[in-house]
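The values are calculated or read from the model by the stated rules, or taken from the named source; none is laboratory data. Note that the structure is a prediction, hence the values are computed from the model and not measured. Cβ atoms come from the backbone with ideal geometry, glycine included; neighbour counts cover every protein chain shown.
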Amino acid sequence: MATSAAWAIVGVNSMVGENLVALLDEHSFGYSELALFETAEDAGGRLLIAGESRRVEPLEKADFSRYAVVIFATEAAVSAEWAPRAVAAGCWVIDTSEQWQDDTQVPMLVADVNAASVLAGLPRGLLVSPDSQVVQAALVLQPLLGKGLRAATISTYQSLSTQGRSALEAMALQTGKLLNGQPVEGGSFEKQAAFNLLPRIGAAQDDGSSAAEARLVSGLRRVLPLTEVPLSVTAVLVPVFYGSGHSLQLELEQPVDRKALASLLRKGPAIKILDKPAAGGFPTPVTEAAGDEHLWVGRIRQDSIDPKRVSLWSVADNLRVGVARNTLQVAELLIKDYL
């Protein structure tokens, strides 16, 4: 069991990479050495982490044999080329890109949910930090499994940052044009994104679902024991820059009233409850979630006809909580228990 080890982060200039760096700067983590890498065209700058200025080195010069844990916060193509090299060098590799999100042969980990059980006896190799929507939903559902989850209907309201930096820039451009009375086209979106709701994220599947909806269902089944539980998902892209909101309708095997449900949820790591009848007594992506490390839950209700059916609302910073925090937690777990 180690207390510290050498880490490397590839892709520190990406949105996920920026959030990884921010968390490393704000908290103490178990690394004895920390190396930062970017592809050649983006390398060469310096970042201040925990009071120490660190140079961003070219990925092409990386010697992965020096590191116990390597985190990839890159585009899928970069991960596809370089992550296997880090694995071959004997590293634990945690990938946050889309490259292996749908590959069921690669272990998918949510640190507070399934990491310990999956890692037991697993040799060093490639691991996937799930899509942010999987992490957010799994953290809410996990404390409720003891009540017997029979079915779940989840509607996600995803900010533009879930689609990458180019999507943020495109919406900002559309917003500016519309506010100045200029017409806009969909551009990189199927339809206008600014001041609009897009009820399909990603390509349509054969069954009518979207790629985002299929990924959330698949991811939840990989990290939670929900193989036989009906899961229905609707994913909507909303004109918000950061943060995701989830509306969940759950059917349980046992009746659970509002207070008991809130008590169960409070046991979940990182969950905070904001559920008050007073004005503003509910969480939103902008006012509570953006830039915060907690997953906020509110609007907790028990069905008036069927006491086994409950509804709730959750919000989280998709980059900070959904990806960066989870990835660093997995890295710390690897150092602590699996080196």
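Can you tell me how many residues in segment 204-216 are touching a strand residue (DSSP E or B) at 6+ places or on another chain (Cβ under 7 Å) and surrounded by fewer than 20 Cβ atoms within 10 Å (Cβ to Cβ)?
Of segment 204-216, the ones touching a strand residue (DSSP E or B) at 6+ places or on another chain (Cβ under 7 Å) are 204, 210, 212-213, 216.
Checking which are surrounded by fewer than 20 Cβ atoms within 10 Å (Cβ to Cβ) leaves us with 204.
Of the residues in that region, 1 qualify.
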Assess whether SER247 counts as being surrounded by fewer than 19 Cβ atoms within 10 Å (Cβ to Cβ) and modelled with pLDDT of 95 or more.
yes
Say we look at segment 1-34 and pick out the residues that are farther than 15 Å from VAL69 by Cβ and among the charged types (D, E, K, R); which of these is surrounded by the fewest Cβ atoms within 10 Å (Cβ to Cβ)?
GLU26
Counting only residues that are within 24 Å of SER161 (Cα to Cα), assigned to a strand (DSSP E or B) and of a type outside the set (Asp, Glu), how many does segment 9-45 have?
4
Of (1) buried (at least 24 other Cβ atoms within 10 Å of the Cβ); (2) in a helix (DSSP H, G or I); (3) under 18 Å from the mean Cα position of the chain (by Cα), VAL110 satisfies all except one. Which?
(2)
Just to confirm my filter: which strands (runs of 3 or more DSSP E) fall fully inside segment 257-339 and include at least 2 residues that are among the hydroxyl-bearing types (Ser, Thr, Tyr) and touching a Ser or Thr at 6+ places or on another chain (Cβ under 9 Å)?
309-316
Search result, residues across segment 241-265 that are of a type in the set (D, E, K, R), in contact (Cβ under 8 Å) with a residue 40 or more places away in the chain and out of contact with any Leu (no Cβ under 9 Å at 6 or more places or on another chain):
ASP257, ARG258
Among residues of segment 64-88 being touching a residue at least 12 places away in the same chain (Cβ under 8 Å) and not hydrophobic (A, V, I, L, M, F, W, C), the residue farthest from LEU334 (Cα to Cα) is GLU75
Sole residue being over 18 Å from LEU149 (Cα atoms), modelled with pLDDT of 95 or more and surrounded by 19 or more Cβ atoms within 10 Å (Cβ to Cβ), chosen from TRP313, TRP296:
TRP296
